[in-house]
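Report on the following structure.
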Amino acid sequence: MGLFGNVSGTVQSLSLNNLNLTGGYYVGGLAAELSGGTITNVLDAGSVTSSSTSCSSGCGVGGLVGQMNSGTITSNESSVNVSAYNSTGGLVGAIQNGAVNTSFSTGTVNCFRYG
């Protein structure tokens, strides 16, 4: 869950404000998943929450991207407050492969213990 489900192309120069997203697995302010795409110069702010309490293998919940399978994230800022169980991050919830460059998060992250 996010503005985009799975990004495999290019997203650039975008500003998202007052986000208020609640989902299960793979939740991100901009995208649920990044699979081979590029995200550049994106600013997002608000809150992202996973309602799932059964994420033993990881929920993938992040301020910008929930699950990063591959791709590149460059020059982004996330001011998103993130809350989830497992695989939780201010910018990206879980990274399998790819690169994150000159990007940062200023939001709070609450990662609750599973089990």
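FYI, it's all coordinate maths here, none of it is from the lab. Keep in mind that what you see is a predicted model, and the values were worked out from it rather than measured. Glycine also receives a Cβ, built like all others from the backbone with ideal geometry; neighbour counts cover every protein chain displayed.
Every residue in the stretch 84-115 that is surrounded by 12 or more Cβ atoms within 10 Å (Cβ to Cβ) and either of a type in the set (Lys, Arg) or in a loop (DSSP other than H, G, I, E, B) (or both), please. Hits for the stretch 84-115 are ASN86, SER87, GLY90, LEU91, GLN96, GLY98, SER103, THR106, GLY107, THR108, TYR114. Residues in the stretch 21-34 include none that are in contact with an Asp or Glu (Cβ under 7 Å, 6 or more places away or on another chain), closer than 16 Å to GLY107 by Cβ and in a strand (DSSP E or B).
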